[in-house]
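Chemist: Just passing along the structure, written as structure tokens.
The values are calculated or read from the model by the stated rules, or taken from the named source; none is laboratory data. Keep in mind the model is a prediction, meaning the values are calculated, not measured. Every residue, glycine among them, receives a Cβ derived from its backbone with ideal geometry; neighbour counts consider all protein chains shown. Just the protein is used for accessible areas: all its heavy atoms, side chains included, with ligands, DNA and RNA removed. Shrake-Rupley method; radii C 1.70, N 1.55, O 1.52, S 1.80 Å.
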Amino acid sequence: MLFFYNAFRKIVKLDGRTLAVFAALFFLLSPFVIQALEPEKFTSWFRSLWWVIVTATTVGYGDFFPVTAPGMAFGIVVIFIGLFLIGSIVGKTTENFVSWKKQREEGRLAYSGKDHYVVIGWSEEKIRDMIEELLLADPAREVVLLAKLEKKPMAEERVHYIQGDATDYATLDRANVCACKAVVIFSPEGVPSASLADGHTLLIATTLESYAARRGQEIYTIAEILKESHRHSFRHAKVDELILSQQSISHLIASSTVNQGSSRLFMNLMSKDSGDELYGIAKRPEWRTYNDAYEWLKARGALLVADGDDTGIIRRLGDAIPDQARLFIIADTATHEALQSEGA
């Protein structure tokens, strides 16, 4: 009994690869042993393998069984070793799964997907709501959240958590930033001043720019800043879009006070439940001027409002549309889907 106990302890201590090799050898070679011991009963290797498996797993169908003393003795060996092996394999599998789940929850597993969104920073309300809106707006993509939290803050399966410092290249590697569709940098919470918060954001943006340059990639970056006067500091970091957080709200409140009801217009465009939303579309080959695009879209129930951040194209409808134009329209979901089906 002590022999079997010691043998079990040694098997359990084997690493997964060694255990798998040992199990494979046991199940592949044992059929030859029982064939040699009882050649008349076990006439083929596959039949012998069947007996070894049902015996080792203690299923015991009874369709094949040894009748000689050596064969029965070997059957006892198969039962005990099989119990140890199956128990160890199940234990190792459970242990590896628990370890994998723990590492995933703690953000220690690298992300290998592509064309995803990377969100840097965390707040229970603002960033959680943004990620939920992002998942709803783009059901085909996943989100990688990069933050310094002990555990993944969201249970959503399409959110992969990476724990680490966004100014560390190794962390950016684990988030597979070079293969992402866009990176969103949120202003940190709990920082005593707007200057320090924007400085932290700028440091991350500069790291992303140098990281992308070193790998010969382009990373589309959106950053939240708190003060408009800091815009010039972000020019050399090559941030594609800057979102003014505090001052945008102040401007919206002031605009709503003077032009009553205007805030509802902006809120409707930002809400997924309001019907009409802002969508980006590609230039069609038959559109030569903005007016061509404007009339074509108007006939299909969509309104052309901007080319990139240029909202003055309505006054320049006769101008030619550049090849690199980034056109934006206001439309409902059904109209946008219809335009996509037409190749817009």
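Chemist: Using only C-alpha positions, report the orientation-averaged shadow area of the convex hull of the chain, nm², one decimal.
Modeler: Dividing the Cα hull surface by four gives the mean projection, 28.2 nm².
Chemist: With a Förster radius of 51 Å, plug the Cβ-Cβ distance of SER341 and SER229 into 1/(1 + (r/R0)^6) and report the FRET value to the nearest 0.05. Before the final figure, lay out the partial values.
Modeler: Details: r = 45 Å, r/R0 = 0.88.
Once rounded, the FRET efficiency stands at 0.70.
Chemist: For the stretch 58-98, build the convex hull from the C-alpha positions and give me its volume per residue in Å³. Show your work: numbers first, answer last.
Modeler: Numbers: hull volume 2.3 nm³, N = 41.
That works out to 56 Å³ per residue.
Chemist: Still on this structure, please answer the following. First measure r as the distance between the Cβ atoms of LEU25 and CYS178, then evaluate 1/(1 + (r/R0)^6) with R0 = 51 Å and state the FRET efficiency to the nearest 0.05.
Modeler: 0.75
Chemist: Another question, if that's okay. Out of the GluC sites (Glu not before Pro) in the stretch 179-239, which ones are loop residues according to DSSP with at most 13 other C-beta atoms within 10 Å? Before the final figure, lay out each step's value.
Modeler: Working: sites: GLU189, GLU209, GLU218, GLU224, GLU228; in loops: GLU189, GLU218.
Of the GluC sites (Glu not before Pro), the ones in loops of the stretch 179-239 whose Cβ has at most 13 other Cβ atoms within 10 Å are GLU189, GLU218.
Chemist: If r is the Cβ-Cβ distance from ARG316 to ASP129 and R0 is 56 Å, what FRET efficiency results, to the nearest 0.05?
Modeler: 0.95
Chemist: Counting DSSP beta bridges in the chain, what percent are antiparallel, to the nearest 5?
Modeler: In the chain, DSSP labels about 40 percent of beta bridges as antiparallel.
Chemist: Still on this model: Where in the stretch 95-175 are there GluC sites (Glu not before Pro) that are in a DSSP coil and have at most 15 other Cβ atoms within 10 angstrom of their Cβ?
Modeler: Qualifying residues, ordered by number: GLU106, GLU124, GLU125, GLU150, GLU156, GLU157.
Chemist: Test of the criteria: in the stretch 127-220, which chymotrypsin sites (Phe, Trp or Tyr not before Pro) are in a DSSP loop and have at most 16 other Cβ atoms within 10 angstrom of their Cβ?
Modeler: TYR220
Chemist: Express as a percent, rounded to the nearest 5, the fraction of DSSP beta bridges in the stretch 70-189 (both residues included) that run antiparallel.
Modeler: The antiparallel proportion sits near 0 percent.
Chemist: Say each of MET154 and SER193 gets a label point 7 Å from the Cα, pointing the same way as Cα to Cβ; how far apart are those two points in nm?
Modeler: The two pseudo-label positions are separated by 3.3 nm.
Chemist: With a 1.4 Å probe and all protein chains in place, put HIS200, HIS336, HIS236 in order of accessible area, largest first.
Modeler: Ranked from most to least accessible, the order is HIS236, HIS200, HIS336.
Chemist: Most mobile of MET154, MET130, MET72 per a Gaussian network model of the chain (Cα springs, under 10 Å)?
Modeler: Result: MET72 has the largest fluctuation of those listed.
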